[in-house]
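Report on the structure given below.
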Amino acid sequence: NYINQLITNDTLQDSADLTNAFDKIPVSFIAICTLILAILLTLSIVAIIIIIRRRKTEKELAAQQMELSSAVKANETRNAFFGAISHDMRTPLNAIVGFAGLAEKENNISSIKKYLTKIQSSGELLNSLLDDTLTLSKANSGKLELHLEPANTEDLLESIIIPIREAAEKKHITFTVDSSKAPYRTVLIDKLGLQKILLNLLTNAIQAIPADREKKI
């Protein structure tokens, strides 16, 4: 009992001392501490808001830069596309002009008909190239489709040979075709698409050879 009484007295004494100590703290000091804590809390909140807004701004700027980069790439793609189309159009157009000039000088009806057939073939190829101006927009919108149709490989090859041979002759380039290992047959293909690919490859090959040097392709 004595020990319990002693502990109780000491505890009450410590509590009384602590209460007296708090009572002696000036009210102004407590108010200042409270104000400081409030200011620190406010500054912390403001700092967090600034950081969040800065990150949001950085993300928006990054998104804008990506959009700008995409727009620049799309513009470059369009320019390259139209440049390639313009380049490819010259070959069948030159063939049409060349064959028309030859037909004008020819008196033989059979030869004139042959020239007209070649002009028609080159004209059809030129028309298909003009249709390519829609290809880019279709590709970007995901609407580009293959148009499969039965095609005779001999006719397909002839439609490519005619304008390419005309362009090759103007640069004194020997252009030969060996189809001995590729027998003519009817196949299911995107005829115009394949014509454009072959025409582009062969035209680039001709353009890559200097005009003053005789080569074979």
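The values are calculated or read from the model by the stated rules, or taken from the named source; none is laboratory data. The structure displayed is predicted, hence computed values, not measured ones. FYI the Cβ positions are ideal-geometry reconstructions off the backbone, even for glycines, and counts take in every protein chain you see. Calculation scope for accessible area: heavy atoms of the full protein, side chains included, ligands and nucleic acids excluded. Shrake-Rupley method; radii C 1.70, N 1.55, O 1.52, S 1.80 Å.
Close contacts from the range 87-106, counting a first residue that is in contact (Cβ under 8 Å) with a residue 12 or more places away in the chain and under 15 Å from residue 169 (Cα atoms) and a second that is open to solvent by less than 70 Å² (accessible area, probe 1.4 Å) and β-branched (Val, Ile, Thr), with Cβ to Cβ under 7 Å and a gap of 6+ residues or different chains, come to 91/164; 91/203; 95/162; 96/119; 99/119.
Annotation note: Cβ proximity below 8 Å between a residue of the range 170-191 that is at pLDDT 85 or above and a residue that is among the hydrophobic types (A, V, I, L, M, F, W, C) and loosely packed, with under 12 Cβ neighbours inside 10 Å (sequence gap 6+ or interchain) occurs for 190/146. Of the residues making up the range 80-93, none is modelled with pLDDT of 75 or more, closer than 30 Å to residue 114 by Cα and touching a Phe, Trp or Tyr at 6+ places or on another chain (Cβ under 7 Å).
For the range 195-209, the candidate set comprises residues that are surrounded by 15 or more Cβ atoms within 10 Å (Cβ to Cβ) and either of a type in the set (A, V, I, L, M, F, W, C) or at pLDDT 85 or above (or both); within that set, the residue that is farthest from residue 164 (Cα to Cα) is 209. Would it be correct to say that residue 144 is over 23 Å from residue 102 (Cα atoms) and either in contact with a strand residue (DSSP E or B) (Cβ under 9 Å, 6 or more places away or on another chain) or open to solvent by 40 Å² or more (accessible area, probe 1.4 Å) (or both)? Judged against the criteria, residue 144 is a match. Test residue 127 against the criterion of being modelled with pLDDT under 70 and either closer than 18 Å to residue 165 by Cβ or open to solvent by 40 Å² or more (accessible area, probe 1.4 Å) (or both), and give yes or no. Spelling it out, it is not the case that residue 127 is modelled with pLDDT under 70 and either closer than 18 Å to residue 165 by Cβ or open to solvent by 40 Å² or more (accessible area, probe 1.4 Å) (or both).
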